[in-house]
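What follows is calculated from the coordinates using simple rules that are stated; it is not laboratory data. Because the structure is predicted, anything quoted here is derived from the model rather than measured. Using ideal geometry, Cβ is built from the backbone for each residue, glycine included, and neighbour counts are taken over all protein chains shown.
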Amino acid sequence: MRQTYRKMIGTFLLVALIAIYALVATAIAAARLADAPAWAHFLYFLVTGLLWVLPGMAIVSWMLKPDKTRGE
């Protein structure tokens, strides 16, 4: 697959990942952290706010792979 197509697909995947991840993380927080103290909210959103970066990095590294030359 050409890098141009990977970048287009990867862009849509990143937007979908962030939207779905934010909805799920917020739904879990609303269901589980309703009566939790402020420090629990802070830790939860700190961890979940950084955790999406791992699958995001995988998508970006896939997007930026160079195209294979014809001889390979």
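Within the stretch 1-14, being without any contact (Cβ under 8 Å) to a residue 60 or more places away in the chain and over 12 Å from TRP52 (Cα atoms) holds for MET1, THR4, TYR5, ARG6, LYS7, MET8, ILE9, GLY10, THR11, PHE12, LEU13. Checking each residue in the stretch 15-50 for being closer than 27 Å to GLN3 by Cβ and without any contact (Cβ under 8 Å) to a residue 40 or more places away in the chain picks out VAL15, ALA16, ILE18, ALA19, ILE20, TYR21. Looking only at residues that are in contact with a helix residue (DSSP H, G or I) (Cβ under 9 Å, 6 or more places away or on another chain) and among the aliphatic types (A, V, I, L, M) in the stretch 10-21, which one is farthest from TYR44 (Cα to Cα)? That would be LEU13.
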